[in-house]
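Before any comments, here is the structure.
The values are calculated or read from the model by the stated rules, or taken from the named source; none is laboratory data. These figures come from a predicted structure and were not determined experimentally. All Cβ positions, even for glycine, are placed from backbone atoms using ideal geometry, and neighbour counts span all protein chains on display. Calculation scope for accessible area: heavy atoms of the full protein, side chains included, ligands and nucleic acids excluded. Shrake-Rupley method; radii C 1.70, N 1.55, O 1.52, S 1.80 Å.
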Amino acid sequence: PTIASNPGGTGQTIIDAAGQVDYVPFLPNGVDTQPAIRGFQPSIADLSITKTDVADPVSAGSTVTYTIVVTNNGPDTQTGATVSDTLPASLTNVTFTSVVTGGATGNTASGTGNINDTVTLPSAATITYTVTGKVPSNAAVGTLTNTATVTAPANTFETDTTNNSSTATTTINQRVD
C-alpha cells in the first residue's frame, strides 16, 4: 500500500471501513521496517518479563531481593522498548544492577530507586535486573506487591502481550528479634 512510511508503494491505500479484513501480521499503517523489500514489513516481537522474589516470606526489618528477566523472543530486534518497575514506596535503600546477554543495550547498569529504561533488544537477548530493598522494621504483617513491565516500541506487532508484565507478591511476617 501507499502510506507515509512506504512512499514507494504502488497499491491503493487500504480502506476497510467495516473492519472485515484481518491484516495481522500485516499492518495497514505504521512504520515499514524494511522499505527496500516489496510489501509492508512491520516489526514483529514477543517481548516477555518475569519477576521473582527471595526471601518469601520476609520478616519486617530484613531485605527482599527481586530478579527481573526481560527477553525478546523474536523474531525482530526491538529498538526503543521500555522496561519499568515502580517499587513499593515502603521499601527503603532500594538498589539495582543489571546484566545483558545477546547484545542488549540501553539498560541502566546500576542505580537506586525505580527502573525506567529504554532499551534495544535483539532477538534472543535478555536483560536481568537484580533489585534489593529493605522492608521497614515497623512494616505491618501482610503482603508487598510489585509489578514489572516491558512495552514494545510503537509500530511493533506484539505476538503475545500476556507475558509483558509480571507481579511478585511477598508475604511480610512480624519482625523477629
Which numbered condition I172 fails, given (1) touching a Phe, Trp or Tyr at 6+ places or on another chain (Cβ under 9 Å); (2) surrounded by 20 or more Cβ atoms within 10 Å (Cβ to Cβ); (3) farther than 17 Å from V69 by Cβ: (1)
Tally, over the stretch 98-150, of residues that are closer than 24 Å to T79 by Cβ, among the β-branched types (V, I, T) and part of a loop (DSSP other than H, G, I, E, B): 1
Scan of the stretch 48-104 for residues that are in contact with a Lys or Arg (Cβ under 6 Å, 6 or more places away or on another chain), over 19 Å from G142 (Cβ atoms) and open to solvent by less than 20 Å² (accessible area, probe 1.4 Å), ordered by number: I68
Condition met for G133 (at positive phi, more than 12 Å from the chain's Cα centre (by Cα) and of a type in the set (G, A, S)): no
Subset of the stretch 43-93 (residues that are more than 15 Å from T147 (Cα to Cα), of a type in the set (A, V, I, L, M) and in contact with a helix residue (DSSP H, G or I) (Cβ under 9 Å, 6 or more places away or on another chain)): L47
